[in-house]
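Okay, structure first, notes after.
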Ligand SMILES: [Zn+2]
């Protein structure tokens, strides 16, 4: 198992993580089926479709239990 050679300082760690939120907001798109905002390459949380496949019903937004 790989072991870190040096401890990453709080400054370097926080600078690295500063870009995480920015990149994740770029992955937000709109659902082609219902138009709601949705993460790309993810199932739409409001209508439950992914690439034209209906994975769960509209009312049943049970979370991330849908499987492709
Ligand atoms: Zn949708």
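Nothing in this text is a laboratory measurement; each read-out follows from the coordinates by a stated rule. Computed from a predicted structure; not experimentally measured. Using ideal geometry, Cβ is built from the backbone for each residue, glycine included, and neighbour counts are taken over all protein chains shown.
One table, with the values for the structure above:
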{"read-out": "Gyration tensor over alpha-carbon atoms, segment 1-56, equivalent ellipsoid semi-axes in Å", "value": "36, 14, 7"}
{"read-out": "Separation in nanometres of the label points that stand 7 Å from Cα toward Cβ, at residue 27 and residue 3", "value": "3.2 nm"}
